[in-house]
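Presented below is the structure to which this report refers.
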Amino acid sequence: MAGSSLRLVFAGTPAFAVPALEACLRTPGVDVATVLTQPDRPSGRGRLSTQSPVKQAAIAAGIPLLQPQSLDSPEMLADLARLAPELIVVVAYGLILPRAVLALPVHGCWNLHASLLPRWRGAAPIQRALAEGDAETGVCLMQMERGLDSGPVLLRATTPITEVDTGGSLHDRLAQLGAELLVEGLALLCAGTPPAPQQQPRSGATYARKLDKSESRLDFTRSAQELERLIRAFDPWPGTEAVVAGETLRIWRAQVLRESNDSNMSMVLPGEIIAAGRNGIDFSTGCGVLRVTEVQRPGGRRIQAADYLNARPDLCVRR
């Protein structure tokens, strides 16, 4: 590869993939022939047809686009074969690459995955790592194969998960970290010294199932610590909610006030408000006390719990 241009196809759809696409475009010796992204989808309250973030970035850069419903048709395979890519880079594309596509480029297909494989294979590795209390996470550049995120790892980079990280902040940090890792891998490949694949360990694999809105309702029989992590993990989507004195509120921020229940709490049921004031709304949980500090009323905006309580003086009591 040294001294020649690496011709690649980039496949990605959401905002997470945009930094990686931009990294490919600015890497010396790399020619992005075409971008694959999913078809425009209806979104928002008006259900208007919306371009993916990757499509918008490709149009801005003047890169040709393909938006197939799937990659299984002979016509689509023929289109890709005519492009003669030496490498396909996949970042959160959202469509399965058939075996024929995986075998098409001489260097195969690389996937950028937002976890430290084999932990958190699957659709929602960022949120699952945060919700489960992992101390660190990262990104892996992986050689793709038929299995779900099971291919050998070419390069990896790590980052700590802090006590203030949200799903959004971790998403943005990993997107940038992944772009940097991809540049490193492409530079090695262009120099004729491609990164050596390392098989994933057989033990330690976990599955990061897709996020679902049904997970949004807070279950106060869980511990305060688990709930606080879940609130951060699901910010900004799908968010969490709880019924507060008959009103369903979005819960955006909270803190663990106490991590265990004392004898005075033995008669308090999980989910009961035990205090409410300028510092927030304190809920009993299965283990400990959760103080909610930022909420959102239906049709409203995110506000401090203290501001919410100004409209709900009936809650400002202490048991």
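A short reminder: the numbers here are calculations on the coordinates, not readings from a lab. Since this is a predicted model, take the numbers as computed values, not measurements. Cβ: placed from backbone, ideal geometry, glycine included. Neighbour counts: every protein chain shown.
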Completion exercise
Here the stretch 66-217 gives, from Cα atoms, an Rg and Dmax in Å of 16.3, 52
Practice task
Please sort through the DSSP H helices of the chain and keep those with an alpha-carbon extent of at least 15 Å along the long axis and a Kyte-Doolittle average not below -0.5.
Solution key: 167-190
Exercise for the section: Mind running the shape call on the stretch 1-120? Use the C-alpha gyration tensor, a ≥ b ≥ c as the square roots of the eigenvalues: rounded below 1.5 for a/c, prolate if a/b tops b/c, oblate otherwise. Expected result: rounded
Completion exercise
Rounded to one decimal in Å, the inverse mean reciprocal Cα-Cα distance for the stretch 213-315, i.e. its Kirkwood radius, is 13.5 Å
Problem - Positive dipole terminus of the chain, leading residue within Cys190, Gly46, Leu141 (C-beta point charges) - result: Gly46
Fill in the blank from the handout: Ranked from fewest to most other Cβ atoms within 10 Å of their own Cβ, Val243, Val91 fall in the order Val243, Val91
